[in-house]
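A quick write-up on the structure given underneath.
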Amino acid sequence: MGRVSGRACIVTGAARGIGRAIGEALLDEGAMVCFADINGAQAADVAEHNRSRLNNRADAVTSAAVDVSNRDAVRAMIAHTVERFGRLDVKFNNAGVNKPMNFLDVTEENWRFIMDVNGLGCLIGMQEAARQMIAQGGGGKIVNTASIASRQGFDNVAPYCASKWAVVSLTQSGARDLARHDITVTGFAPGVVATEMWDQVDQDLMEIGAASRPGQAMEEFSADILKGRVATPADITGTTTFLASADSDYMTGQIVMIDGGMTLV
């Protein structure tokens, strides 16, 4: 029996990177997982890959297209998951975006784009998951993706930093409100992780003149990591599966840093 056997889970931003790794690790520990992403076709491909991989547990996998900043879309994703799996036990609010801009160049459009997905999307995801968990009874777990940028501001990604500080605050607020329903709210804060999102950030930083060559940004950001290397998604999933499991039942309102010692707080 796995650590999350029989638990019905949703992971947003699960078509690639950390989100996909979280979902696949949950499956490997016995969970049922909805891989949700704004790119519905890519999420469906990931789900199909995992149905083939699991073979005898193909019915433990589904997918959904979702814009996490749209409440109706989030409700539809949850309804689909409950229809497939019977309930919702764990909700990972992992979807996130970034678009670096030099501090003095940040626009209202850039701010709203990032805050709508990372901040508002987290709030809506928490609210709608909690409503489902309360209605069905039995408590539940909500897990939010923060960042090292939730602990320290960086000059070229100010809206992203602000959005991840918002995730920390929402985690604490939700934990206080939802404890009476036996719903825990926790989060984790990755550091520099080798994913497709970081590849795009690396390119964006070159375009705004904050880096002069490919890989420079990752090298500079990761220079002070005590572990001596950047993370892979697999470095994150031990903690995320723990947060989805009964092992973390006495934790709530906390953000777990998973950054190799980059930020000591």
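Throughout, read-outs are computed from the coordinates displayed, never taken from laboratory work. From a predicted model like this one, the values you see are computed outputs, not experimental measurements. In this analysis, Cβ positions are derived from the backbone assuming ideal geometry, glycine residues included, and neighbour counts consider all displayed protein chains.
Here are a few things to note about the model shown:
- Yes/no for Val168 being touching a helix residue (DSSP H, G or I) at 6+ places or on another chain (Cβ under 6 Å) and either within 22 Å of Gln152 (Cβ to Cβ) or part of a helix (DSSP H, G or I) (or both): yes
- Meets criteria (buried (at least 17 other Cβ atoms within 10 Å of the Cβ) and in contact (Cβ under 8 Å) with a residue 24 or more places away in the chain) for Gly174: yes
- Thr232, sole failed condition from (1) within 26 Å of Asn93 (Cα to Cα); (2) surrounded by fewer than 13 Cβ atoms within 10 Å (Cβ to Cβ): (2)
- Count of region 120-167 residues which are more than 24 Å from Thr107 (Cβ to Cβ), of a type in the set (Gly, Ala, Ser) and surrounded by fewer than 23 Cβ atoms within 10 Å (Cβ to Cβ): 5
- If you go through region 91-115 and pick out every residue that is over 16 Å from Asn156 (Cβ atoms) and either surrounded by fewer than 17 Cβ atoms within 10 Å (Cβ to Cβ) or in contact with a Gly (Cβ under 7 Å, 6 or more places away or on another chain) (or both), you end up with 8.
- Listing of strands (runs of 3 or more DSSP E) fully contained in region 1-71 that carry 2 or more residues being under 30 Å from Phe113 (Cα atoms), more than 14 Å from the chain's Cα centre (by Cα) and free of Cβ contacts under 8 Å to residues at least 40 places away in the same chain: 61-65
- Qualifying positions in region 149-165 - part of a loop (DSSP other than H, G, I, E, B), within 17 Å of Leu264 (Cβ to Cβ) and not aromatic (Phe, Trp, Tyr): Arg151, Gln152, Gly153
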